[in-house]
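In what follows, a single structure is set out as structure tokens and then discussed.
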Amino acid sequence: REIKMIRNYFRQAWTLVRQHKLFTSIYVVGTGLSIALVMTLFIIFYVKFGPVYPEYNRERTLVVKPMKRYPKGKPENWNINGGVAYYVVDEMLVGLPHVELVAGSMIDFWENYQVSATDVKPFKAVPRFVNEAFWKLFSFRFIEGHSFTQEDVEAKALVAVVSESLARRLFATVEGVTGRHFSFNGRDYRVCGVVQDVSNATPETVGDLWLPLLNAKYIQEEFNMGLLGNVYAYLLVDDEANVETVRSEVQDVFRRYSQQDKDYEYDLMGQPDRYWLSTFRQDLDKAPDTLDLAKDFLYILLALLFIPALNLSGMISSRMDSRISELGIRKAYGATRRRLLEQVLCENLLLTLLGGLLGLVFSYLIVWTASDWILTLFDKNIYDTSLSTLFTVEMLFNPAVFGIALAVCVVLNVVSALVPALYALRHPIMESLNSKR
């Protein structure tokens, strides 16, 4: 019986939708825009935090980026580099309990690196210099070939893994590329593998090509700076439950090193960070303030939700005023406040669902058309917008993201309908029946 009654409510709601096309259009578009903005926000943060190609191990990954070094007893005289020394990822953090891998990565967007091949003029490319563990921590999809080894890294071998886009530009194909040669900054390199393109939406792994870490131009200069260097360190923890334990162990290792150093001390500034927190470490000289970050995004979310909800509540209130006599007639024939309230909420739910579908389309249009800059709204780590910021299917079509966004908007829209509906149902039957006279 209840199911049949709810079905009747939706039929009546659909009839009202067709009869009041202007109200319906404004309501659906307003709800759609609200959901679209929230969905866009959720998509951005899912791309930043969720398991997406090739960073599927984000929940178990800890990150060490730049840290401070200062003379003993003089913390105000600190200096800082772009990351940590190669020694940190090659020896210092290797073998810690609960740490499966220590990957090292270095990217240099400021150097004008050029690549070329036979009958192909030189053009700019963005390299990433990595160690062998990098390929094990991050799950790249190889179209052909394989990654280079740690022996290649130590030997500074002239080998490279290239993206499929770079392979097409250099060789006009992605098939049979392994073993072929190309020029990188005037040096002859051999392709050992081709991987599926990586989006600039994942700045920790993006690049046009990946080279042995010790081939980097500035890798040797860091040895004169103790533990300071230009390498980012990524630690893969064996189990998410051990993340905090590993964080303490890493901090203890650096603390012991500082005690043994006669001249300098090192400040990790709260690192290693969980992956999601590392994306907010955009000021080199200080740790991110998580409380301020939470407040900022809460204010944004409230602005995107409550302002449209208030406007919709005003529209529904005006519509309820015009339906008071209808509600009075239904009360006279025995309809309870609960039944009338259920009908109003079902009408609102139908409009919200229509708005949700429209908002879903709007959000994808926003993300697709603004893909080259939209991620930079919240992330200074998107270093080079010349790299492709491709949003893949797994980034966009995530049921959980849409479900959460729609659920939040449904709750707010129900509240926006509930208040004017309860107010309208407070009128006595006779007052409601005479409201149009």
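Give the residue, chosen from F129, F142, that is in contact with a strand residue (DSSP E or B) (Cβ under 9 Å, 6 or more places away or on another chain) and crowded, with 19+ Cβ neighbours inside 10 Å. Talk me through it step by step, then tell me what you get.
Values: F142 fails: crowded, with 19+ Cβ neighbours inside 10 Å.
Among F129, F142, only F129 is in contact with a strand residue (DSSP E or B) (Cβ under 9 Å, 6 or more places away or on another chain) and crowded, with 19+ Cβ neighbours inside 10 Å.
Of the residues L33, L41, L22, L37, only one is out of contact with any Phe, Trp or Tyr (no Cβ under 9 Å at 6 or more places or on another chain), hydrophobic (A, V, I, L, M, F, W, C) and outside any strand (DSSP E or B); which? Break it down stepwise before answering.
Numbers: L33 fails: out of contact with any Phe, Trp or Tyr (no Cβ under 9 Å at 6 or more places or on another chain); L41 fails: out of contact with any Phe, Trp or Tyr (no Cβ under 9 Å at 6 or more places or on another chain); L37 fails: out of contact with any Phe, Trp or Tyr (no Cβ under 9 Å at 6 or more places or on another chain).
Exactly one of L33, L41, L22, L37 is out of contact with any Phe, Trp or Tyr (no Cβ under 9 Å at 6 or more places or on another chain), hydrophobic (A, V, I, L, M, F, W, C) and outside any strand (DSSP E or B), namely L22.
For region 236-256, which residues satisfy the criterion of being touching a strand residue (DSSP E or B) at 6+ places or on another chain (Cβ under 7 Å) and either over 24 Å from R69 (Cα atoms) or surrounded by fewer than 19 Cβ atoms within 10 Å (Cβ to Cβ) (or both)?
Within region 236-256, L236, V237, D238, V243 meet the criteria.
So E132 fits all but one of (1) touching a residue at least 24 places away in the same chain (Cβ under 8 Å); (2) under 20 Å from A216 (Cβ atoms); (3) in contact with a helix residue (DSSP H, G or I) (Cβ under 9 Å, 6 or more places away or on another chain); what number is the exception?
All conditions are met except number (1).
Output the number of residues of region 258-283 satisfying the condition of being assigned to a helix (DSSP H, G or I), touching a strand residue (DSSP E or B) at 6+ places or on another chain (Cβ under 7 Å) and either of a type outside the set (G, A, S) or surrounded by fewer than 19 Cβ atoms within 10 Å (Cβ to Cβ) (or both). Please lay out each step first, then the result.
Start the filter on region 258-283 by keeping residues that are assigned to a helix (DSSP H, G or I), which leaves 258-260, 275-278.
In the following step, the residues that additionally are touching a strand residue (DSSP E or B) at 6+ places or on another chain (Cβ under 7 Å) were identified as 258, 275, 278.
Those still in the list that are either of a type outside the set (G, A, S) or surrounded by fewer than 19 Cβ atoms within 10 Å (Cβ to Cβ) (or both) too: 258, 275.
Adding up the residues that qualify gives 2.
Which one is nearest to the chain's Cα centre (by Cα) among residues in region 76-110 that are at pLDDT 90 or above and acidic (D, E)?
Among residues in region 76-110 that are at pLDDT 90 or above and acidic (D, E), the one nearest to the chain's Cα centre (by Cα) is E100.
Restricting attention to region 92-138, which residues are hydroxyl-bearing (S, T, Y) and over 18 Å from N200 (Cβ atoms)?
S116, T118
Only one of (1) of a type outside the set (F, W, Y); (2) part of a helix (DSSP H, G or I); (3) surrounded by fewer than 15 Cβ atoms within 10 Å (Cβ to Cβ) fails for N112. Which number is that?
All conditions pass for N112, except number (2).
Among the residues of region 94-109, write down those that are under 25 Å from D238 (Cβ atoms) and surrounded by 18 or more Cβ atoms within 10 Å (Cβ to Cβ).
Step one: filter region 94-109 for residues under 25 Å from D238 (Cβ atoms), giving 94-105.
Within region 94-109, V99, L101, V102, A103, G104, S105 qualify.
Would you be able to say whether some residue in region 64-72 is part of a helix (DSSP H, G or I), over 16 Å from the mean Cα position of the chain (by Cα), surrounded by fewer than 20 Cβ atoms within 10 Å (Cβ to Cβ) and of a type in the set (K, R)? Full working, then the answer.
Filtering region 64-72 for residues part of a helix (DSSP H, G or I) gives none.
Checking region 64-72: not a single residue is part of a helix (DSSP H, G or I), over 16 Å from the mean Cα position of the chain (by Cα), surrounded by fewer than 20 Cβ atoms within 10 Å (Cβ to Cβ) and of a type in the set (K, R).
Search region 374-401 for residues that are surrounded by 18 or more Cβ atoms within 10 Å (Cβ to Cβ) and pair each with any residue that is modelled with pLDDT under 60 when their beta-carbon atoms are under 7 Å apart and the residues are at least 6 apart or on different chains.
Note: pairs meeting the criteria are L375/I382.
Do you know which residues across region 258-285 are among the acidic types (D, E), under 23 Å from V47 (Cα atoms) and modelled with pLDDT of 90 or more?
D273
From the residues in region 284-310 that are among the acidic types (D, E) and assigned to a helix (DSSP H, G or I), which one is surrounded by the fewest Cβ atoms within 10 Å (Cβ to Cβ)? Give the derivation first.
Step one: list which residues in region 284-310 are among the acidic types (D, E), which gives 285, 289, 292, 296.
Still in the list and also assigned to a helix (DSSP H, G or I): 292, 296.
Details: D292: 10, D296: 12.
Here the residue is D292.
All but one of (1) modelled with pLDDT of 65 or more; (2) within 39 Å of the chain's Cα centre (by Cα) hold for L341; state the number of the condition that does not hold.
(2)
Would you mind stating whether V177 is aliphatic (A, V, I, L, M), under 24 Å from K136 (Cα atoms) and in contact with a Ser or Thr (Cβ under 9 Å, 6 or more places away or on another chain)? Steps first, please.
Values: aliphatic (A, V, I, L, M): yes; under 24 Å from K136 (Cα atoms): yes; in contact with a Ser or Thr (Cβ under 9 Å, 6 or more places away or on another chain): no.
No; evaluated as a whole, the condition is false for this residue.
The values are calculated or read from the model by the stated rules, or taken from the named source; none is laboratory data. On a predicted model such as this, the values are computed, not experimentally measured, just so you know. We place every Cβ from the backbone using ideal geometry, glycine too, and count neighbours over all the protein chains shown.
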